[in-house]
Amino acid sequence: VSPLRLAGAALLIGGLPALLFAAFGLAGAMRGGAALVGLLLSLGAGAVLAGLWLTSLDRLAAALRRASADDQTASEPPPLPAAAEVAGEIGRLARALNRRSEEVLRMRRADAAILENLPDPLLVLSEGLSLLRANRAARALFGAAPGQPGDAPAALRHPAMAAALDAALASGEPAAAELLLPVPVPRELSARVIPLDPPLFDGGRVLVVLVDRTRERAIERMRADFVANASHELRTPLASLIGFIDTLRGPAEDDAEARARFLGIMAEQGERMRRLLDDLLSLSRIETEEHRAPTGEADLALILRAEADGLAPLFAARRATLAVTAPERLLARPAEADQVAQVVRNLLDNALRHGREGGTVRATAEPAAGEDGRPGVVLRVTDDGPGIPRAHIPRLTERFYRVDRGRSRAAGGTGLGLAIVKHIVGRHRGRLEIESEEGQGATFRVWLPAGTDGPRPA
Ligand SMILES: Nc1ncnc2c1ncn2[C@@H]1O[C@H](COP(=O)(O)OP(=O)(O)OP(=O)(O)O)[C@@H](O)[C@H]1O
Ligand SMILES: [Mg+2]
């Protein structure tokens, strides 16, 4: 306490009684000595009281300062009991406020953790539409590191998104946008823009919820393509059948030689339609049961020899050689023998039809551990035909996909054979690998598990 403040306060408190003592003494109402003692006592008492008050007030002020600065250290109590009580209350209030702010902090952290871990990508934007936060899903979507926006700004600049942001901020109502982002990989996103009023604690004014629809849209397109492809494949032989029927009814009515030739072609076209329908049906059957694992077992060696024998006349017709290497017995399990036979047939058929006329096809079956060390069996079919250009290999197992449409169709193919193989191998939890160098032939490798325990009861 500064002496000047102390003197001022002491005068304020003891000044009036001191003045009265002085007046009484001078007027002779009191004896001079008594008046002087009274005057000094008044001033002394004033000084002591002022000291107590000022110290108490200073300590209260210090307690308040500490409370507002969130300082938990204990302070010296004020000397006056009433002031000490007030200081105690200040301490309690400070602690209560502290608890409250800790609670708020915890709630904020919980909110942030929820946003961070939601499975849908979320962006939080400021009033000026700059990016404040992106949760984990959004960072994964936009290839961003924490604290880095990745290509989120590109999505925010998309015209449809910009329009939705403006509309949402202007109306205060949520708005939606569909975005197509071409780079770095094409993606289709649905965005929902939600204006936040009042804003979030970090100034977040707009929440953008994104849904990645790329896969969904691709499946929709595939389904539409499938129907279009299937009808197109059926339309060609059908148009040819109708054409020949018209010709036979009209101009060629009495031409026995033409009739015989046309009927031959018609039978061929009918056969092609039947094959296509068979393949479509078998594909859809395999697809519907793909999630159910097979239960029996299949002897790959036996099946390979049987299918090779069945195709021998066709190989002979193309002057091609089929060399089979297989042990006596080679069990795949769990496996369905019919489906394994279909895999073998489709691969041998491809090697025959897409391989070289007069070429050699090697088919081998042998035991082989899988990638994860599981016991298994492997079938390898290698031809020395034209091979498959690298760019086409990943797409060969798509339905109706053919490297050379014209040539495959001329060879009677529909482009479903490898799609069927893929689904059967998938159902058996096996693997299909295709290797080819253009001009050097192709190798198709199918691995199937061979569990050591016997066949499970059906
Ligand atoms: N061994 C191979 N050598 C070269 N190309 C091949 C071979 N096997 C398959 N292909 C290519 O892959 C495409 C798809 O094969 P897939 O077996 O699915 O259909 P496909 O043989 O044309 O008709 P199908 O439905 O009658 O089997 C073929 O059209 C062909 O272009
Ligand atoms: Mg085929």
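The values are calculated or read from the model by the stated rules, or taken from the named source; none is laboratory data. Being a predicted model, the structure only gives us computed values, none of them experimental. Neighbour counts run over all protein chains shown; Cβ positions are idealised from the backbone, glycine included.
As an exercise: evaluate Val340 against (1) under 23 Å from Arg292 (Cα atoms); (2) β-branched (Val, Ile, Thr); (3) within 15 Å of ligand 1 (Cβ to nearest atom) and give the number of the one condition it does not meet.
If we test Val340 against (1) under 23 Å from Arg292 (Cα atoms); (2) β-branched (Val, Ile, Thr); (3) within 15 Å of ligand 1 (Cβ to nearest atom), just (3) comes out false.
Looking at Ala308, is it within 19 Å of Ala337 (Cβ to Cβ), over 42 Å from the mean Cα position of the chain (by Cα) and either modelled with pLDDT under 90 or in a helix (DSSP H, G or I) (or both)?
Judged against the criteria, Ala308 is a match.
For Leu40, work out the one condition from (1) under 60 Å from the mean Cα position of the chain (by Cα); (2) at pLDDT 90 or above it doesn't fulfil.
Condition (1) is where Leu40 drops out.
Go through (1) within 21 Å of Gly310 (Cα to Cα); (2) more than 13 Å from ligand 2 (Cβ to nearest atom) one by one and return the number of the condition Asp383 breaks.
(2)
Just the residues that are hydrophobic (A, V, I, L, M, F, W, C) and within 16 Å of ligand 2 (Cβ to nearest atom), please, taken from region 253-276.
Listed by number, the list holds a single entry, Leu276.
Collect the residues in region 22-64 that are surrounded by fewer than 18 Cβ atoms within 10 Å (Cβ to Cβ) and farther than 21 Å from Ala10 by Cβ, keeping them in residue-number order.
Of everything in region 22-64, those that are surrounded by fewer than 18 Cβ atoms within 10 Å (Cβ to Cβ) and farther than 21 Å from Ala10 by Cβ turn out to be Leu26, Ala27, Gly28, Ala29, Arg31, Gly32, Gly33, Ala34, Ala62, Leu64.
Output the qualifying pairs, or none if there are none: Cβ atoms under 7 angstrom, residues six or more apart or on different chains, first residue in region 431-446 and among the charged types (D, E, K, R), second residue in a loop (DSSP other than H, G, I, E, B) and within 11 Å of ligand 1 (Cβ to nearest atom).
Partner pairs satisfying both residue conditions: Glu437/Gly387; Glu438/Gly387; Glu438/Pro389.
With Glu103, Glu89 as the choices, which residue is in a helix (DSSP H, G or I) and under 30 Å from Asp202 (Cβ atoms)?
So the residue among Glu103, Glu89 that is in a helix (DSSP H, G or I) and under 30 Å from Asp202 (Cβ atoms) is Glu103.
Can you tell me which residue among Arg133, Arg109, Arg100 is at negative phi and either touching a residue at least 24 places away in the same chain (Cβ under 8 Å) or in contact with a Gly (Cβ under 8 Å, 6 or more places away or on another chain) (or both)?
Result of the check over Arg133, Arg109, Arg100: Arg133.
For region 343-372, which positions are among the small types (Gly, Ala, Ser), buried (at least 21 other Cβ atoms within 10 Å of the Cβ) and within 15 Å of ligand 1 (Cβ to nearest atom)?
Within region 343-372, Ala351, Gly355, Ala363 meet the criteria.
Any idea which of (1) part of a strand (DSSP E or B); (2) farther than 18 Å from Val421 by Cα is the one Ala332 doesn't satisfy?
Only one criterion in (1) part of a strand (DSSP E or B); (2) farther than 18 Å from Val421 by Cα is unmet by Ala332, namely (2).
Kindly check whether there is at least one residue in region 298-314 that is in contact (Cβ under 8 Å) with a residue 40 or more places away in the chain and farther than 29 Å from Ile388 by Cα.
yes
Just to be sure, is Ala369 away from ligand 2 (no atom under 16 Å from the Cβ) and either in a loop (DSSP other than H, G, I, E, B) or free of Cβ contacts under 8 Å to residues at least 60 places away in the same chain (or both)?
Yes; evaluated as a whole, the condition is true for this residue.
Of the residues that sit in region 379-410 and are at pLDDT below 90 and near ligand 1 (Cβ under 7 Å from one of its atoms), which one is surrounded by the most Cβ atoms within 10 Å (Cβ to Cβ)?
It comes out as Arg402.
Applying the selection to region 136-151, what residues are touching a residue at least 24 places away in the same chain (Cβ under 8 Å) and either over 22 Å from Arg109 (Cα atoms) or not in a helix (DSSP H, G or I) (or both)?
Leu141, Gly143, Asp151 - these are the residues of region 136-151 that are touching a residue at least 24 places away in the same chain (Cβ under 8 Å) and either over 22 Å from Arg109 (Cα atoms) or not in a helix (DSSP H, G or I) (or both).
Here is a check on your reading of the model: is Arg318 basic (Lys, Arg) and modelled with pLDDT of 95 or more?
no
In region 313-364, what residues are within 16 Å of ligand 2 (Cβ to nearest atom), of a type in the set (A, V, I, L, M, F, W, C) and within 14 Å of Ile424 (Cβ to Cβ)?
Hits for region 313-364 are Ala341, Val343, Val344, Leu347.
Condition first: part of a helix (DSSP H, G or I) and of a type in the set (Asp, Glu). Now tell me which residues in region 68-86 satisfy that.
Listed by number, the list holds a single entry, Glu85.
Given the criteria under 17 Å from Val381 (Cβ atoms) and outside any helix (DSSP H, G or I), does Pro294 qualify?
no
Assess whether Asp349 counts as being under 14 Å from Thr443 (Cα atoms) and either of a type outside the set (A, V, I, L, M, F, W, C) or not in a strand (DSSP E or B) (or both).
Taking the combined requirement at face value, the residue satisfies it.
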